[in-house]
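Before any comments, here is the structure.
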2 protein chains.
Amino acid sequence: MESIGILGGTGPAGRGVAVRLACAGYNVVLGSRDSQRASETASGITVRGNGKITGGTNDDAASCDIVIVATPSDSAVETAASLKSKLDGKIVVSMVNALTRGNKELIPVYPPLGSMAAEIAAVLTDSKIVGAFHHLPAAQMEDLDSGIDADVVIFGDDEEARKRINDIVNEMPGLFAIIAGSMALASAVEAFTAVCISINIRHRAHSYVKMAGLTH
Amino acid sequence: MESIGILGGTGPAGRGVAVRLACAGYNVVLGSRDSQRASETASGITVRGNGKITGGTNDDAASCDIVIVATPSDSAVETAASLKSKLDGKIVVSMVNALTRGNKELIPVYPPLGSMAAEIAAVLTDSKIVGAFHHLPAAQMEDLDSGIDADVVIFGDDEEARKRINDIVNEMPGLFAIIAGSMALASAVEAFTAVCISINIRHRAHSYVKMAGLTH
């Protein structure tokens, strides 16, 4: 079973994914610029299942078998680039969204290459980039009793890598994986996060995407 | 009760919306460059409910109280612009998506202004532009026995206009309206159509977006 590192893993998005990975039995390293804070965050998470969650530096997280990028969008590329040698040859999952605040809504920001996944792929030329976990409400992810039953839309150009992430997602409680296609869909998947969050702001909800009518 | 015209209404997307508008009691005019074909298409649709569906020119459709743009993306702006005087002051609903074919997937195309809704708004400066109906599988929309129960994500800058469309959508069987926010979300809503269709191609499904966890 692979170890999984999460860059910027101490934020709500990273913690939510970590707790459900641990449920599925994976050992997870929450990486942070502040490894002390990461250790404290990790020990504060109640784990169910056989996986362990520990804290460390982003360098520690990048040493895992599979690495998830969960940093804020403005530091994602720099963080990934600084760890390139550790990430070469590995599956790197981007769950990064570039969003900006509007009037009672969040608005998608399109980086020069169209998506954060493409920006990360451009610096991690020897990693297999997969996109996943974009549309999930963080608090409901972290709360294992939230009853969430959400779809995870997955994209990437490496068929084997996205299939591996697909299978891991399906082992995580409350999540169902759907491979959408290639990196050409990255901007569309990422930008839709702004729509999901805007709906939740406007309707005071914690909704998430479910592709109804798909045979599960 | 307003009359509703659909520009480019003889295609699958337009027909699917028309049949459910008629169910809700609205009289619908399917507009086409070929009014003869539009009349034939209209008379071939089995209507349930009190609304009538008739065919005509795009000019006839643009004379209705509310007008939906359902043309292919490459003719949407030109068609809308040519009917500007008829559309002034009215609610104009864009359901247009700009997509291109990839390898076993559809890829979003971003027009210069970011979205088709913005392109249409740029020529219809005196209309109230609302986006809706993007993610719906056309065949399931037209088949009233398909059992579809889909969310319709709505956006627009005119609060009253998007509320009116919200209410009309909620009168249509099988659809539930969700206002997401302003025109700043247009590109994200439109582009996600590529993800929906790509998922359906890959998984041989007819799935559609449902925002689970939203109190209906």
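The values are calculated or read from the model by the stated rules, or taken from the named source; none is laboratory data. Please read all numbers here as calculations on a predicted model, not as lab measurements. Positions of Cβ are generated from backbone atoms using ideal geometry, with glycine treated the same way; all protein chains shown enter the neighbour counts. Accessible surface areas use protein heavy atoms only, side chains included; no ligands, DNA or RNA. Shrake-Rupley method; radii C 1.70, N 1.55, O 1.52, S 1.80 Å.
Near A:Ala62: Cβ cut-off under 12 Å, other residues only, Lys/Arg at +1 and Asp/Glu at -1. The net charge is -1. Convex hull volume of the Cα atoms of the range B:5-98, normalised per residue: 77 Å³.
Mean separation of Cα pairs under 8 Å and 6 or more residues apart, divided by the residue count, gives chain B a relative contact order of 19 percent. Neighbouring Cβ atoms from other chains, within 10 Å of the Cβ of residues in B:202-209, number 5 on average.
The alpha carbons of chain B occupy a box of 39, 38, 36 Å along the principal axes, longest dimension given first. Taken across both chains, chains B and A shield about 2900 Å² of accessible surface from a 1.4 Å probe.
Close Lys pairs in the range A:3-203 (alpha-carbon distance under 26 Å; sequence gap of 8 or more, or different chains): 12. A simple count of charges around A:Ile201, restricted to other residues whose Cβ falls under 13 Å of its Cβ and scoring Lys, Arg +1 and Asp, Glu -1, yields +3. If you plug the beta carbon distance of B:Asp88 and B:Ala212 into 1/(1 + (r/R0)^6) with R0 = 35 Å, you get a FRET efficiency near 0.30.
So if we plug the beta-carbon distance of B:Asp167 and A:Asp126 into 1/(1 + (r/R0)^6) with R0 = 41 Å, what FRET efficiency do we get, rounded to 0.05? E between B:Asp167 and A:Asp126, to the nearest 0.05, is 0.15.
Calculate the tail of P(r) for the protein assembly as shown: the fraction of all Cα-Cα distances greater than 32 Å, expressed in %. Pairs farther apart than 32 Å: 38 percent.
Placing R0 at 35 angstrom, the Cβ-Cβ distance between A:Glu2 and A:Lys104 gives a FRET efficiency of 0.30 after rounding to 0.05.
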